[in-house]
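Only the coordinates and a few stated rules stand behind these numbers; no lab work does. Predicted model only: the values in this text are computed from it and were never measured. As a convention, Cβ positions derive from the backbone with ideal geometry for all residues, glycine included, and neighbour counts pool all protein chains shown.
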Number of protein chains: 2
Amino acid sequence: MKWTDGFIAVDWGTTNRRAYLIDGAGKRVDEFEDARGVLTIEAGGFTGAVSEIRDRLADKPMLLAGMIGSNRGWKEAPYVPCPAGLDDLAAKLVWAGEREAIVPGVSYVGQGRADVMRGEEVQLLGAVAAGTVHPEGFVCHPGTHNKWASLRHGKIQVFGTVMTGELFSLLKEHSVLADLLQGPVEANDAFRRGVRRALEREMLPADLFGVRAEVLLGQANKDDAPSFTSGLLIGTDVRIGLTWPASAQITVMGRPELTRLYAVAIAEAGREAIELDGEQSFIVGIAEIAKRMS
Amino acid sequence: MKWTDGFIAVDWGTTNRRAYLIDGAGKRVDEFEDARGVLTIEAGGFTGAVSEIRDRLADKPMLLAGMIGSNRGWKEAPYVPCPAGLDDLAAKLVWAGEREAIVPGVSYVGQGRADVMRGEEVQLLGAVAAGTVHPEGFVCHPGTHNKWASLRHGKIQVFGTVMTGELFSLLKEHSVLADLLQGPVEANDAFRRGVRRALEREMLPADLFGVRAEVLLGQANKDDAPSFTSGLLIGTDVRIGLTWPASAQITVMGRPELTRLYAVAIAEAGREAIELDGEQSFIVGIAEIAKRMS
């Protein structure tokens with residue numbers, strides 16, 4: 001198989017997937033995104049789901065990353081332990097079909113903790129390859145499960161996960177705070193106030209109830225609740241992240257609306273952060289893996 | 001109206017209600033519990049819901065406590081600010097009907113926080129009146145929203161809420177941990193391990209994700225996950241509660257299966273706790289309020 005003639009890269013998550021057609025020079029020439037995440041595909045349905053992608057983009061070999069390699073995905077690709085670089089990922093690809101290879105996730109065990117990631121590793125290491133993240137850098141990757149990762153010699157050395165995005169969704173959709181959290185979250189004064197409270201005192205499950213109590217007692221404005229609550233959660237996340245080994249320079253990588261919130265929270269903690277869109281880093285990372293197979 | 005001829009007391013919560021027939025001597029002579037919580041009763045339906053209770057117990061005047069007095073209940077009974085004792089509650093009853101009085105909740109504003117309770121105040125102050133809690137005591141009242149309350153001269157002086165029970169329910173019903181949390185929670189070694197981790201380091205939203213990662217990487221037993229996760233949450237709760245002003249003696253009051261877990265967690269934190277069933281304290285507290293109306 002000639003990956004140098006171009007290939008299809010897929011970032012295949014739990015709830016959606018993004019597919020890119022990459023040419024022989026590593027440039028994306030076509031792409032689409034849809035809601036056919038891993039959890040929407042029934043057992044035995046992956047061959048068909050992969051054909052759909054080829055029908056829309058091109059008849060090319062495929063490199064798949066993300067939850068597609070989990071025990072809920074197409075075929076399990078065992079985690080590569082830290083320290084993990086692009087060479088390590090490329091050496092442990094798992095073939096799900098004749099022309100479809102799955103990129104493994106990365107695991108960390110140490111300091112009395114254990115952790116896993118799937119999908120973020122391609123972006124993190126792609127950014128190093130692209131020169132946008134320092135090979136000894138420290139990266140924050142917000143999402144449903146925010147990752148903090150320390151790089152060493154261009155490999156992922158240590159990382160930790162904070163389930164900030166999921167906790168906010170649970171509170172917004174199902175909790176006693178739900179009716180207060182339906183408005184927009186913005187990096188405004190209420191957000192900064194939440195961040196500062198989380199940095200000053202470590203009592204998140206008490207401060208969350210306080211959101212409701214303060215509105216009931218006229219001590220806080222109802223409209224501030226979504227941003228303030230996001231600030232409590234992201235501030236807690238930043239406090240935790242900054243206890244892990246960190247270089248001076250922090251890069252926040254991901255969707256711009258999330259990187260903005262984290263950059264503001266990191267600034268409240270007295271540190272500086274560079275924001276980076278994760279999508280281009282994914283393309284570079286996956287093309288680097290393809291190059292190693294040619 | 002003669003309350004000394006007996007009355008009906010109702011502890012009317014969000015999802016269920018408990019009603020007691022109390023005789024002139026303050027003893028319960030009949031009772032029932034059902035799922036007709038405040039949220040199940042449509043606007044205008046409370047008169048009927050109250051008649052049902054009289055039909056089942058007796059045609060007596062009624063004292064109602066709990067969420068029935070909230071803005072989602074029958075008629076709003078404004079919070080009585082701390083310090084609050086039985087005299088203060090009795091002085092601020094709100095009449096919802098000619099023979100139905102609602103006991104107000106209690107609020108606290110101070111130390112950069114605001115907090116509210118509805119229902120627990122009758123149990124807390126009832127226990128003081130019964131002599132089972134010291135008038136200068138410190139009480140932990142587990143439930144959906146755990147309360148920590150400092151008493152002074154037999155009044156509620158300061159209190160704080162930690163939304164531990166609700167967070168556990170959200171995780172169990174809707175989160176990425178859901179499939180791991182369906183088993184029973186017990187005060188076992190896994191529970192104690194979770195408590196110790198929460199007491200040692202303040203990173204709950206990271207440790208919660210770790211529950212899944214540790215099982216995936218074979219670092220933890222899947223069957224331990226419910227107790228360990230409960231330990232993380234209750235350990236965090238105890239760490240927070242013990243930062244609030246506390247007397248040496250701690251009473252944990254509530255349902256026995258919950259008081260057990262909290263007593264074990266408090267012991268892990270190097271403190272001692274006395275366990276107390278909350279129901280009898282409710283009867284004493286509400287009878288004390290009725291006495292003040294006669």
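Filter the cross-link list B:LYS27/B:LYS172; A:LYS2/A:LYS147; B:LYS27/B:LYS92; A:LYS2/A:LYS75; A:LYS222/B:LYS172; B:LYS75/B:LYS291 down to pairs whose alpha-carbon distance in this structure exceeds 30 Å.
Going by Cα-Cα distance, B:LYS27/B:LYS172; A:LYS2/A:LYS147 fall outside the 30 Å limit.
Using the alpha-carbon atoms, what tilt in degrees (0 to 90, nearest 10) does helix B:164-174 show relative to the longest principal axis of chain B?
70 degrees
With everything on Cα atoms, drop me the angle between helix B:120-130 and the longest principal axis of chain B, reported from 0 to 90° to the nearest 10.
The helix B:120-130 is inclined about 70 degrees to chain B.
Which net charge results for the neighbourhood of B:GLY218, defined as the other residues with beta-carbon distances under 15 angstrom from its beta-carbon, given Lys and Arg at +1 and Asp and Glu at -1?
Result for the local shell: -2.
Please state the charge dipole magnitude for the protein assembly as shown, taken about the Cα centre, from unit charges on C-beta atoms (+1 on K and R, -1 on D and E), reported in debye and rounded to the nearest 20.
640 debye
To the nearest 500 deg cm²/dmol, what mean residue ellipticity at 222 nm is calculated for chain A from DSSP H runs of n ≥ 4 alone, each contributing -39,500 (n - 2.57), summed and divided by the residues?
When only DSSP H runs of four or more count, the value is -11500 deg cm²/dmol.
Translational diffusion coefficient of chain B at 10 °C, 1.306 mPa s, Stokes-Einstein with Kirkwood Rh over Cα pairs, in µm²/s as a whole number.
Taking Rh from Cα pairs, D becomes 80 µm²/s.
Quote the charge dipole size of chain B about the Cα centre in Debye, to the nearest 20; the model charges only the Cβ of Lys and Arg (+1) and of Asp and Glu (-1).
It works out to roughly 500 debye.
For A:ARG292 and B:ASP223, what is the calculated FRET efficiency with R₀ set at 45 Å and r taken between the beta-carbons, to the nearest 0.05?
Working from the Cβ atoms, E equals 0.65.
Let me check against my output: what whole-number percent is the relative contact order of region A:147-294, with C-alpha pairs under 8 Å and at least 6 apart?
22 percent
Work out the mean other chain Cβ neighbour count within 10 Å for the residues of A:167-176 and drop it here as an integer.
4
At B:ASP5 and B:ARG56, where each label point lies 7 Å from the Cα along Cα→Cβ, what is the point-to-point distance in nanometres?
Simple spin-label model gives 2.4 nm for this pair.
Compute the signed sum of charges (Lys and Arg +1, Asp and Glu -1) over the other residues within less than 13 Å, Cβ to Cβ, of B:ALA129.
My count for the surroundings of B:ALA129 gives 0.
Report ³J(HN,Hα) in whole Hz for each residue of region A:221-234, in order, from the Karplus equation J = 6.51 cos²θ - 1.76 cosθ + 1.60 where θ = phi - 60°; Gly and Pro get x.
So the J values, rounded to whole Hz, are 7, 3, 5, 7, 4, x, 5, 4, 5, 4, x, 4, 6, 6.
Given 5 Å bins starting at zero, what is the percent of C-alpha pairs of region B:60-211 in each, up to the one with the largest pair distance?
2, 8, 14, 17, 16, 12, 12, 10, 6, 2, 1, 0
Students often get this wrong: which residues of region A:103-147 have the backbone nitrogen under 15 Å from the point 7 angstrom along Cα-to-C-beta of B:ARG196?
A:112-113
Please report A:VAL284, A:VAL10, B:VAL195 as a ranked list, fewest other C-beta atoms within 10 angstrom at the top and most at the bottom.
Placing the least packed residue first, the sequence is A:VAL284, A:VAL10, B:VAL195.
A:TRP95 to B:ALA178: FRET efficiency via 1/(1 + (r/R0)^6), r the Cβ-Cβ distance, R0 30 Å, to the nearest 0.05?
Plugging the Cβ-Cβ distance into 1/(1 + (r/R0)^6) gives 0.45.
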